[in-house]
Each structure stands twice: as C-alpha cells, then as structure tokens.
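I have placed the structure first, in the form of structure tokens, so that the comments after it can refer back to it.
Rule-based calculations on the coordinates, nothing more; no lab input. All of these numbers come straight from a predicted model, not from anything done at the bench. With ideal geometry, Cβ positions are generated from the backbone for all residues, glycine too; neighbour counts draw on all protein chains shown.
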Amino acid sequence: MGTFSETGFVLAVTFIKIAVVLVILLTTIAYLSWLERKVVAHIQARWGPYLVGPHGLLQPLADGVKFLFKEDIVPLEADRVVYWLAPFIGFTLAFLSIAVIPFGEGFTFRGHTITFQITDLNVGLLFIFAVTSLGVYSIALAGWSSNSKYPLFGGLRSSAQMISYELALGLAVVGVLMISGTLSLRGIVDGQAGFWHVRGINTYLPHWNVLVQPVGFLVYFIAAVAETNRIPFDLPEGETELVGGFHTEYSSFKFAMFFMAEYANMVTVSCLATLLFFGGWHGPVFGPAVLRALLPVFWFCLKVFCFLFFYIWMRGTLPRFRYDQLMAFGWKFLLPLGLLNVLATSLAVAWLSSP
Amino acid sequence: MEALFYICAVLAVLAALNVVVQRTPVYSALSLIVVLCALAVVYLLLGAEFMAVIQVIVYAGAIMVLFVFVIMLLNAGRETPSQRSRLARWLGPPLVAALLVEVLTVVWRQFPPGSAAPAAALDAGPKAIGERLFQVYVLPFEVTSILILVAILGAVVLAKKEL
C-alpha cells in the first residue's frame, strides 16, 4: 500500500474492471442464448428466433423482460428458505469464478500496470475448482426444496454426476500443472508463449499445452461438459424423463438465474480450457501500441468463442446418455484415463528434467 | 482484516451451534457448510491460501455434497426428539464444559495474551505443504490412506452382502 491517492487509484481501477467484466459477461450470456437457439435451429434446418429485431437479435432482451414480469410461483409444500437460497447460490458462484480469469497481458497507464484480470490469485486455478465444486449445492438444494419428485430426482442425479466427474476434471489438469509448475492462471499462460522447439529447431507450432497434453485436454473437456450439465450430460434436467429436472418448480426470475448460472459456467470452463490448453491470449501480435494491447484480448475471446460454439454444436448433434452409461463412462473410462495421463506425464517430466 | 476475522469466527461458532440445534437434517448440513467456509476465510486471513482453497474443495465441495446427497436420498424430514437418556442429560453439560475449559487452557498456555500470532512467518504454499507431506510425514500420510482404504472396503462389505 502506498499513499492514499495510490490506494484510491487501485480501488477505482478494480471497480471499473469489475463493472466492465460484469457487463461483458452478462451481454455474452444473453447473446449466447441467442446464438444457441440460432445455431441449433440451423442445424435442424429451421430459422430460429426471427421476429424480435433483425434476425431475432433483440430476442434476449425480450426474454429478459418476460422473465421479469412473469408471475413468481412458489410451490405450497416447498421449503421456502432453501427454495429462495438455491438460485442465489448458483448465480453468485457462477459469476464469482470470472474474477480470477486473466483475459490478456495488460498495459501501462501513467506508470501503473493495469492487467486484464480482476485479481491474480497465486492459487487461481484451485479457486475456480473450489467455486465450481460448491455450485452443485444450487442444483441439489433446488431439487430438494421444491418438495416434488421430478426435481428431487434431478437434484440427486446432479450431485452424483458432479462428484463423479469432478475427480476426472481435477486429474485432467494435473498434467498441465506438472508441466507449468504453478497454480497461477497467469503463470500457466506465460509458460505457453512462443513456439515449440524440437532439438533447437523452430517447428512454428504454438507452444500450447494441448500439443503435449492431448489426453488431458480430452478428459478435461468431457468432464467440463458434464460439470456444466450440458448435452450429452444434461441428465439433471432431462426434459423427456424428468419434465424439467431440478428447476421444474421454478418460474420467473429465479428460473432465469439458473439459466444465467448455467451459461456463465459454460463461459468459465471455456475460458479455463483456453487458458490451460490453448495458450490463453497468445497469438500473432502486430501493429501500433493500442493494437498490441488489444489483440491478445481478441485472441482470447476468439478461442473462448470457438469452445462455446462447440458446446452448442454438440447440443445439436449428440443424444443424451443413459444414467448407468454416464456413471460407467465417468468411473470406468474417464477416471482411469486421467490417472494414466498423470502417470505418463510425471514419468516424462522426470525423464526430461534428469540430466 | 481483524474485523473480518471476528466476523468469520462469530459466524463459524453460530453456524456450528445451529448444526446441533436444527431439527431438519438439511439445515444442519447447510450450517456445517457455512462453518467450513468461514474457517476457510480464517485460513485465508492467516495467509494460507492453499489450505483455504483445499478446505473448500475437499470438505465443502466433496464431503458435504455426499452428506446432502444421502439426506436427500433418504428424504429425511424433521427428526422427532427421542426419549433422551437420563444419563446423557445429567452427564452431558458438565462434560462439555470440562472439554471447553480444557481446550481454552491449552490455547491460553500456548499463546498467552499479547503474544504475536506465529502463523504469519510460516510458509503454507502448495510447495511447502507437498514437501512436508511427502518427505517428513510420508509414513503417517501413507498409513492414513491405507486406513481410509480399509474403511471403504469395510463399508462396501457391510453394505453389500452379496458381491
């Protein structure tokens, strides 16, 4: 801490960062829902939303207004406190993890270095895991407190699924951690700058972790899809068997909060996949100083967008797992694969670092 | 910082009391989660970020999820107070008081009022903890994991008579 004005400056910058990130994230979530409907519609040879605004571009706004003005129904037999608490937990946690995600290098302004990140924790990766591991309560409690059988089944399925796939998720990133030797997200991205050199020869392949950790990435991505309850792992809200799953009894804005939390989680795991395996903001940088500062952010957003698009693509393509298939896949395939990856990576790291 | 410590400490104690007082199992489990998270913030204030995050991941994020899962699976409602044994009623409060006094005495002797908190100088990063765990304390660590393995096997055998 320096003089008062310096502290004030840091505080002001942090508040501006939080505001900017929040606005961007909310806009992303709103238009992600539009994109999802559009892309899925085109996959199925339909038009999708077309009436509100050009190409349905104002549809998210209309949806928001609808959610706000709909009647908020609370089931008579519901456990009121927990019923209210559940969507808030999910919403808050989903937005919390974005705080440690670095979007770019940063720039210097009047002698102050301003990074494109709200806060840089030295255990940033674990912080995100901690926050997402708490996210399951939102779904489980929503299912329980509704006091209705379909939501209860949704909640039960979700807790079992999240516990199972969290292990694989954690194991998948261990390989990356062993290579980079740090838990800081910024540190992990810094380790992926430049190109791969094989015996001193520049291969012009980007120095991304995915090229040495393809199995780790595969396990991470599958587990991440399962953690965010997306197709083909969306059993907690399987419409055809559980009506709507854990949020059957929710309406109006509380339903919207679940919806936004799910999309925010999608954004978070896509950001994490970019940071851990695809070099974060690294990409070709050229031009004047302003462009040099902003291009990394653009590369980062582009990579995240590709992941989000892939999510939607999967939803339009794949059928849903059966419950026993889901459990067998998680425990008998994904978990051993993750363990093998850890073993192989540690052997390789030990072999390469030995003189 | 100190104010945050007192807020979290009071929150932890109140939530811990609530765990015992509540009659609905889900409320007790939720209160326990609050206790664990409040303790994680205390770890954070002591400069042990790694411990704080691990506390949330392991206890609040994994073990308590299983608790909640089981409570939901059994669909346990409000528990009805049983005929409490007279022995517990008469012996309980004095024993609890004795335990409390014991703990307070130990803390008082270890850290007399006015002594600085020694935790600030301790390195509690992932590297330091890993080195301790796999070099100094490797035997207790492995023994504990075998103990847990035995417990899991026992639970499976007890729960599933025919495998």
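Tabulated data for the structure shown
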{"quantity": "DSSP loop GluC sites (Glu not before Pro) with at most 15 other Cβ within 10 Å: longest gap in chain B", "calculated": "B:80-161"}
{"quantity": "Order of A:Ile73, A:Ile188, A:Ile118 under a 10 Å beta carbon neighbour criterion, fewest first", "calculated": "A:Ile73, A:Ile118, A:Ile188"}
{"quantity": "Dipole moment magnitude, nearest 20 debye, segment A:75-353 about Cα centre, only Lys, Arg, Asp, Glu C-beta charged", "calculated": "500"}
{"quantity": "Cα Rg, Dmax, segment A:249-341, angstrom units", "calculated": "18.3, 56"}
{"quantity": "Other protein chain Cβ atoms within 10 Å, averaged over every residue that makes up B:61-69", "calculated": "6"}
{"quantity": "With Cα atoms, 0 to 90° folded angle of helix A:335-353 axis to chain A main axis", "calculated": "10"}
{"quantity": "Percent of Cα pairs exceeding the 19 Å cut-off, where the set is chain B", "calculated": "74"}
{"quantity": "Cα gyration tensor shape for segment B:1-77, rounded if a/c is under 1.5, else prolate or oblate", "calculated": "oblate"}
{"quantity": "At 1.567 mPa s and 4 °C, Stokes diffusion of segment A:173-298 via Kirkwood alpha-carbon radius, µm² per second", "calculated": "76"}
{"quantity": "Segment B:145-161 - phi-based ³J(HN,Hα) in whole Hz, Karplus 6.51/-1.76/1.60, Gly and Pro as x", "calculated": "5, 5, 4, 5, 4, 4, 4, 5, 4, x, 4, 5, 5, 5, 6, 10, 5"}
{"quantity": "Hz values of 3J(HN,Hα) by residue in segment A:184-191 - Karplus curve (6.51, -1.76, 1.60), Gly and Pro given as x", "calculated": "7, 4, 5, x, 4, 5, 4, x"}
{"quantity": "Span from the segment A:170-245 Cα centroid across to the segment A:79-137 one, whole angstrom", "calculated": "18"}
{"quantity": "Spin-label pair A:Trp196/B:Lys161, simplified geometry with 7 Å Cα→Cβ offset, distance in nm", "calculated": "5.7"}
{"quantity": "Potential extension, A:Leu291-A:Phe69 segment - 0.36 nm per residue separation minus Cα distance", "calculated": "75.6 nm"}
{"quantity": "For the protein assembly as shown: Kirkwood Rh in Å [reciprocal of mean 1/r, alpha carbons]", "calculated": "25.7"}
{"quantity": "Folded to 0 to 90 degrees: helix A:252-277 orientation relative to chain A principal axis, Cα", "calculated": "20"}
{"quantity": "With Cα atoms, 0 to 90° folded angle of helix A:149-180 axis to chain A main axis", "calculated": "0"}
{"quantity": "Coil-residue trypsin sites (Lys or Arg not before Pro) of segment A:68-152, DSSP, other Cβ within 10 Å capped at 13", "calculated": "A:Lys70, A:Arg110"}
{"quantity": "Relative contact order for chain B, counting Cα pairs under 8 Å that sit 6 or more residues apart, in percent", "calculated": "20"}
{"quantity": "Approximate shape of segment B:123-163 as ellipsoid semi-axes (Cα gyration tensor, √5λ), whole Å, largest first", "calculated": "33, 10, 5"}
{"quantity": "Compactness of segment A:75-353 - radius of gyration and Dmax, Cα, Å", "calculated": "20.2, 71"}
